[in-house]
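Notes follow once the structure below has been shown.
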Amino acid sequence: MVKCAVGDDVYEDDPNVEVMQDALAEFFGKEAALYLPSGTQSNLCSIMTNCRVKGSSAILGDKSHIYNYERGGMAAIGSIFPQVISNQQDGTFSLEALKKMMPPPTEHIAQPSVICLENSHGGCNGATVGLDFVKEVKKVAKKQKLRMHLDGARLLNALVEQEIEPHEYVKPFDTVSICLSKGLGCPVGSVLLGKEKDIYYARNIRKMLGGGMRQAGMTAVCALVAFDDWNVVLKEDNAKAKQLAHLLESENDFVACEAASVKTNMLTFQLLPSITKKKGSLDHQTLSRLLKEQHNILTLPSFFNDYVRVVTHRDVTVEDVETTHKAILEVIKANI
Ligand SMILES: Cc1ncc(COP(=O)(O)O)c(C=O)c1O
């Protein structure tokens with residue numbers, strides 16, 4: 001990072017951004033790539049690229065990140081109507097329900113332009129979404145002349161488990177967003193992948209949203225390091241999440257955790273009702289806060305239910321997993 005040459009990426013003049021974008025486009029078998037500051041902006045740029053008519057709709061899962069956690073940007077900024085389909089536990093949805101939600105071509109109803117999928121699925125405990133399902137969705141999309149977008153914030157964590165080549169998995173999608181700043185361990189940024197003409201359009205939207213960056217090569221180069229050993233590192237990260245889930249699963253006097261449901265680098269657990277029901281006792285938000293304050297361990301208490309989410313990454317060691325397990329128990333025992 002210190003030695004890297006930089007330029008102005010708004011003018012496509014940062015050599016390392018160019019190298020990184022070309023390398024990732026090639027890696028995923030897409031024509032072009034675009035470096036953006038965040039996954040949220042990358043998803044928004046891609047949905048606005050896929051839905052060019054104001055008031056058209058995007059079909060997406062009710063547990064998807066785009067629908068729940070991106071501040072309604074597609075509606076607020078993009079003038080795009082979210083058409084929501086119920087996600088199943090495994091991150092998929094019913095194909096029958098998808099077919100049924102296709103509207104007749106009438107001016108009374110918002111017409112869909114894109115179907116969005118997510119893999120791994122953060123709202124479904126990091127579930128991996130199979131390629132067979134993607135191909136079935138693609139058949140519907142093709143018939144209805146719809147585009148396909150993949151929120152692949154943690155795609156590679158999923159694909160090391162699914163044992164599918166990245167370029168094979170992303171083939172059915174017109175646009176794909178990959179976060180560099182999550183499991184891949186880069187300091188900042190996401191990349192959006194797709195056809196040359198779509199990425200050119202997305203680049204214009206990025207500029208409009210204030211996402212054009214100067215001297216961005218300094219962070220973009222980190223992706224080249226991350227993609228050197230991604231398949232080894234991410235496999236280990238997934239194993240660390242499983243290890244913590246197994247440790248917590250055995251603590252069945254305090255927490256509920258289902259290790260078998262952990263598919264990637266994400267796990268959730270709940271405090272048992274015998275703990276939360278006691279007057280003045282611990283809830284999931286307080287547990288998360290105390291873990292941060294007393295042990296510097298960052299976890300996410302759910303906004304929608306009483307789960308705590310833990311995510312592993314390349315800087316979390318096997319020893320850290322054991323420390324986290326102990327810290328969780330320590331905080332619980334001190335507060336019951
Ligand atoms: C599945 C998914 N998509 C998109 C994002 C958004 O990424 P960012 O936080 O970089 O905006 C996240 C962030 O956690 C995510 O989990």
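Since every read-out is calculated from the coordinates, none of them should be taken as a lab result. Model, not experiment: these values are computed from the prediction. A quick note on method: Cβ atoms are made from the backbone with ideal geometry, for glycine too, and the neighbour counts reach across all protein chains shown.
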- Note on the structure: Highest GNM mean-square fluctuation among Asp174, Asp62, Asp13, for the chain with Cα springs under 10 Å, belongs to Asp13
- Looking at the square roots a ≥ b ≥ c of the eigenvalues of the Cα gyration tensor of the range 264-322, which shape do they give, rounded for a/c under 1.5, prolate if a/b is larger than b/c, or oblate? prolate
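Highest mean first, what order results for 36-46, 158-168 on Cβ atoms within 10 Å? Write out the running numbers ahead of the final one.
Working: 36-46: 25.6, 158-168: 17.2.
My ranking of the peptides, most packed first, is 36-46, 158-168.
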- Note on the structure: Shape call for the chain, from the Cα gyration tensor axes a ≥ b ≥ c (a/c under 1.5 means rounded, otherwise prolate when a/b beats b/c, else oblate), comes out oblate
- Message: Restricting to lysines 8 or more places apart or on different chains, can you count the pairs in the range 231-334 with Cα atoms under 27 Å from each other?
- Response: 24
- Show which aspartates and glutamates lie in cross-link reach of Lys139 when reach means a straight Cα distance below 15 angstrom and same-chain residues fewer than eight apart are skipped. Glu96, Asp174
- Query: Which of the cysteines in the chain are isolated, no other cysteine C-beta under 4.7 Å?
  - Reply: Cys4, Cys45, Cys51, Cys116, Cys124, Cys179, Cys257
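Quick one: compute the contact order of the chain, relative version, from alpha carbon pairs under 8 angstrom and 6+ residues apart, as a percent. Kindly include the intermediate steps, with their values, before the conclusion.
On the way: 652 pairs, mean separation 65.1, N = 336.
Contact order relative to length: 19 percent.
Which order, highest average first, do 326-336, 201-211, 144-154 follow once you tally other Cβ atoms within 10 Å for each residue and take the mean per peptide?
Working: 326-336: 16.0, 201-211: 18.1, 144-154: 23.2.
Per-residue Cβ counts within 10 Å, averaged per peptide and sorted highest first, yield 144-154, 201-211, 326-336.
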- How far apart, in nm, are two points set 7 Å out from the Cα along the Cα-to-Cβ line at Ala76 and at Glu196? 3.6
- Query: Considering the zone a paramagnetic label at Ala239 would reach in this model (a point 7 Å from Cα along the Cα-to-Cβ line), which residues of the range 250-294 have amide N under 15 Å from it?
  - Reply: 264-265
- lysines with Cα under 21 Å of Lys143, excluding same-chain neighbours fewer than 8 positions away: Lys99, Lys100, Lys135, Lys171, Lys195
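Assuming R0 = 22 Å, can you tell me the calculated FRET efficiency for the pair Asp229 and His167, based on Cβ-Cβ distance, to the nearest 0.05? The partial results should precede the final answer.
Values: r = 18 Å, r/R0 = 0.83.
Using R0 = 22 Å, I get an efficiency of 0.75.
Provide the three semi-axes, in whole Å and in decreasing order, of the ellipsoid equivalent to the range 69-205 as defined by the square roots of 5 times the Cα gyration tensor eigenvalues. Each step should come with its number before you reach the end.
Details: eigenvalues 115, 73, 45 Å².
Over the Cα atoms of the range 69-205, the ellipsoid semi-axes are 24, 19, 15 Å.
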- Note on the structure: Taking placed amide H atoms and a strict 5 Å upper bound, the residues 5 or more places from Val255 or on another chain that come that close are Leu272
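For the range 34-143, state which trypsin sites (Lys or Arg not before Pro) are in a DSSP loop and have at most 16 other beta carbons lying within 10 Å of their beta carbon.
Details: sites: Arg52, Lys54, Lys63, Arg71, Lys99, Lys100, Lys135, Lys138, Lys139, Lys142, Lys143; in loops: Arg52, Lys54, Lys63, Arg71.
Here the trypsin sites (Lys or Arg not before Pro) that fit, given the DSSP loop and packing criteria, are Arg52, Lys54, Arg71.
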- Query: Can you list the lysines whose alpha carbon sits under 26 Å from that of Lys3, skipping same-chain ones fewer than 8 residues off?
  - Reply: Lys182
